[in-house]
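Reviewing the structure listed below.
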Amino acid sequence: MRDPVRRGAPIGVEGRVDFAPAVYGSLLVTTLMAIQWRGDPNPEVIGLSLLISVVAFWLTDAWSEIVAHRVQGPIDLPTAVGIARSQATILISVIVPGIILATPRFLGVPVDFAIGAALLVSLVQLFLWGLAVGLAAHGSRLLALGVALVDCGIGLVVVILKVLVIH
């Protein structure tokens, strides 16, 4: 069971950084991009969809953490803001893929290439967040690599399922 007081604490409070929103965001972006890359894809629509979805999930996750704190008793505005900020790492997940999705319009990059590159970047983000989590949790580079491979593997399973089910 997750501890809402520690998990919702602002980054750096109690010596812990919460990587869960960043990993979740990267999985969300990977999933949404894999699902939307079919038929005649529009990278601008995909990028906007990613942005709206990630912001919506950030707000939902932050609100659920605030509610979890409020069950324990009243909280003040700075605590609520700290909770929202601690969940904000989810927003990082859309930045680089979003920039890549803009390259067809601004640089003339082929649409399928841009979407494929954005999907690849989201998988790399999963790997890197997994590495960060593994190092923070275990301190061992070998275990960190294992966590990173599992995180990236989950993203790859999503892509493979997309290919099998949607195509």
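The values are calculated or read from the model by the stated rules, or taken from the named source; none is laboratory data. A quick note: this is a predicted structure, and the numbers were derived from the prediction, not measured. Note: ideal-geometry Cβ built from the backbone for every residue, glycine included; neighbour counts use all protein chains shown.
Is it fair to say ALA20 is farther than 25 Å from ALA136 by Cα, at pLDDT below 90 and surrounded by 16 or more Cβ atoms within 10 Å (Cβ to Cβ)?
No: the conditions fail for ALA20.
Does at least one position in region 86-100 carry a residue that is of a type in the set (Gly, Ala, Ser), in a helix (DSSP H, G or I) and farther than 23 Å from LEU27 by Cα? Break it down into steps so the answer makes sense when it comes.
Start the filter on region 86-100 by keeping residues that are of a type in the set (Gly, Ala, Ser), which leaves 86, 88, 93, 98.
Okay, now just the ones that are also in a helix (DSSP H, G or I), so 86, 98.
Checking the rest, the ones that are also farther than 23 Å from LEU27 by Cα come to none.
No, that holds for no residue.
Between a residue in region 20-45 that is under 22 Å from GLY130 (Cα atoms) and free of Cβ contacts under 8 Å to residues at least 60 places away in the same chain and any residue that is buried (at least 23 other Cβ atoms within 10 Å of the Cβ) and of a type outside the set (Val, Ile, Thr), which pairs come within a Cβ distance under 7 Å, given they are 6 or more apart or on different chains?
Every condition considered, the pairs that remain are LEU32/LEU50.
Are any residues in region 36-48 in a helix (DSSP H, G or I) and crowded, with 16+ Cβ neighbours inside 10 Å, and if so, which ones?
Within region 36-48, the subset in a helix (DSSP H, G or I) is 36, 43-48.
Listed by number, the residues that qualify are GLN36, PRO43, ILE46, GLY47.
Need pairs with beta-carbon distance below 8 Å; first residue farther than 20 Å from GLY25 by Cα and within region 101-123, second of a type in the set (S, T, N, Q) and modelled with pLDDT under 95; sequence gap 6+ or separate chains.
Taking only residues 6 or more apart or on different chains, the pairs are VAL111/ASN42.
Right, TRP58: buried (at least 21 other Cβ atoms within 10 Å of the Cβ), free of Cβ contacts under 8 Å to residues at least 60 places away in the same chain and in a helix (DSSP H, G or I) or not?
yes
Criterion first (assigned to a helix (DSSP H, G or I) and within 16 Å of PHE127 (Cβ to Cβ)) does LEU32 satisfy it?
In short, no.
Filter region 70-90 down to the residues that are touching a residue at least 40 places away in the same chain (Cβ under 8 Å) and either within 25 Å of GLY130 (Cβ to Cβ) or in contact with a Gly (Cβ under 6 Å, 6 or more places away or on another chain) (or both) and list them by number.
Of everything in region 70-90, those that are touching a residue at least 40 places away in the same chain (Cβ under 8 Å) and either within 25 Å of GLY130 (Cβ to Cβ) or in contact with a Gly (Cβ under 6 Å, 6 or more places away or on another chain) (or both) turn out to be ILE83, ARG85, SER86, GLN87, ALA88, THR89, ILE90.
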